[in-house]
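Chemist: Got a structure for you, questions after.
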Amino acid sequence: MKQALIDIGSNSVRLTVYDIRNSRFKILFREKHMAGLAGYVSRKKLQPQGIECAVDALLDFRRTLTTLRINQVAVFATASLRNVSNTKEAVERIEAVTGFNVEVISGEEEARLGYAGAMQELLITDGAFIDIGGASTEVVLFKKGKAEEAASFGVGSLSLYRRCVKKIMPGKAGMSRIETILGEEIDQKHMIRQEKRTPIIGVGGTARAVLKISKKYFGLQENSVSVTAAQVRELLEVLSRGDRKAIDLILRNDADRIHTIVPGMMILVHIMDYLESEELIVSRYGVREGYLCQRILTNDISTRRIAN
């Protein structure tokens, strides 16, 4: 069976198509639109232009799926629609135009699904999980192979960029503003226990970018999936200088994240320090694979078929 998943995120809208056989899956292909929906939020409301960006991305994916005759499709949204005041209006507009059902998942559920997805390829029983999105960050503490705590923080790479950065790169003043917000959202609220947890399992665009850029900067092996905490901190220091070397390093390895990589890495480093994590391990899988395994393969959701 071919199953498509569309994830409406705050930074990107992503399509993943899976081949499912005997309750096991294989990724056939991925596509994405860097819609930047968090950039269309004003006074906590997703503006009409942002809603139409989501609509356009889904219609484009719909054409692709129709051409490939893939009918089984599930669509879900995270902080992109969850953290705005006009969620109902946005969902109704998207559903009316695209013909897809859109499920908006909670922050804690996103965290637990992301953790479940990452564990599909990793045999790690103790540590922490982090998914840094465009408008939120999900963290799970796990022990003996089971999630103990899950939390969703209202800070993401794109939302921090919009709130704190005046140009492309943050600069000292922008980084200071980001650190203040991270302290307020993470340290002061104590939504997760502050205790040593290592390694930290990272998914999402920021984690992938950190690994990709680290391979080039530190000369890591191409098949490497881990970076030490010291290397992450050093890389953040290099990139946050905002000089030609830093900009070239980003542009040559992950140009789409030129404006969000430093805010995203600051979230990562802050939580790694908070949990005293010594290593970042990047998983290929995340919330989409968790959704696939725990919601679709268990028949816990009704997927909308594309009309022929």
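Chemist: Output ³J(HN,Hα) for segment 187-194: one whole-Hz value per residue in order, computed from phi by the Karplus curve 6.51 cos²θ - 1.76 cosθ + 1.60 with θ = phi - 60°, and x for Gly and Pro.
Modeler: For segment 187-194, the Karplus curve yields 5, 7, 7, 6, 6, 10, 5, 9 Hz.
Chemist: Can you put Met266, Met119 in order, fewest other beta carbons within 10 Å first?
Modeler: Met119, Met266
Chemist: I'd like the Karplus ³J(HN,Hα) series for segment 70-86: coefficients 6.51, -1.76, 1.60, θ = phi - 60°, whole numbers in Hz, and an x wherever there's a Gly or Pro.
Modeler: 9, 9, 7, 9, 10, 10, 9, 10, 10, 4, 4, 10, 5, 9, 10, 7, 10
Chemist: If I take all pairs of Cα atoms in segment 122-282, what percentage of them are more than 19 Å from each other?
Modeler: Value for segment 122-282 (Cα pairs over 19 Å): 51 percent.
Chemist: Something else: Using a 10 Å cut-off around each Cβ, can you sort Asp60, Asp254 from fewest to most neighbouring Cβ atoms?
Modeler: Arranged by neighbour count, lowest to highest, Asp60, Asp254 become Asp60, Asp254.
Chemist: Between helix 171-182 and the chain, what is the angle of the helix's C-alpha long axis to the longest principal axis, kept within 0 to 90° and rounded to the nearest 10?
Modeler: 70
Chemist: For segment 122-282, what is the charge dipole size about the Cα centre, in debye to the nearest 20, if Lys and Arg each add +1 at the Cβ and Asp and Glu each add -1 at the Cβ?
Modeler: Once rounded to the nearest 20, the dipole reads 540 debye.
Chemist: OK, next. Measuring from the lowest to the highest alpha carbon on each principal axis, how far does segment 11-117 reach, largest first, in angstroms?
Modeler: Result, largest extent first: 46, 32, 21 Å.
Chemist: What's the FRET efficiency of Glu195 with Lys45 using the Cβ-Cβ distance as r and R₀ = 41 Å, to the nearest 0.05?
Modeler: The computed FRET efficiency comes out at 0.60.
Chemist: Please go through the residue pairs Lys88/Lys143; Lys146/Lys196; Lys146/Lys215; Lys45/Lys166; Lys32/Lys88 and name each one whose alpha carbons sit more than 28 Å apart in this structure.
Modeler: Over 28 Å Cα-Cα: Lys88/Lys143; Lys146/Lys215.
Chemist: For the residue pair Thr298 and Ala173, what label-to-label distance in nm results when each label sits 7 Å from Cα along the Cα-to-beta-carbon direction?
Modeler: In this crude spin-label approximation the distance works out to 5.0 nm.
Chemist: Sticking with this one: So how compact is the chain: Cα radius of gyration and Dmax in angstrom?
Modeler: Cα-based Rg and Dmax for the chain come out at 18.7, 54 Å.
Chemist: On C-alpha positions alone, give me the angle between the axis of helix 261-274 and the longest principal axis of the chain, in degrees, nearest 10.
Modeler: 70
Chemist: Measure nothing fancy, just the Cα-based angle from helix 107-118's long axis to the longest principal axis of the chain, in degrees from 0 to 90, nearest 10.
Modeler: Approximately 90 degrees, to the nearest ten.
Laboratory data are not the source of any read-out in this text; all were calculated from the coordinates shown. No experiment lies behind these values; they were computed from the predicted model shown. Glycine gets a Cβ as well: all are built from the backbone with ideal geometry, and neighbour counts include every protein chain shown.
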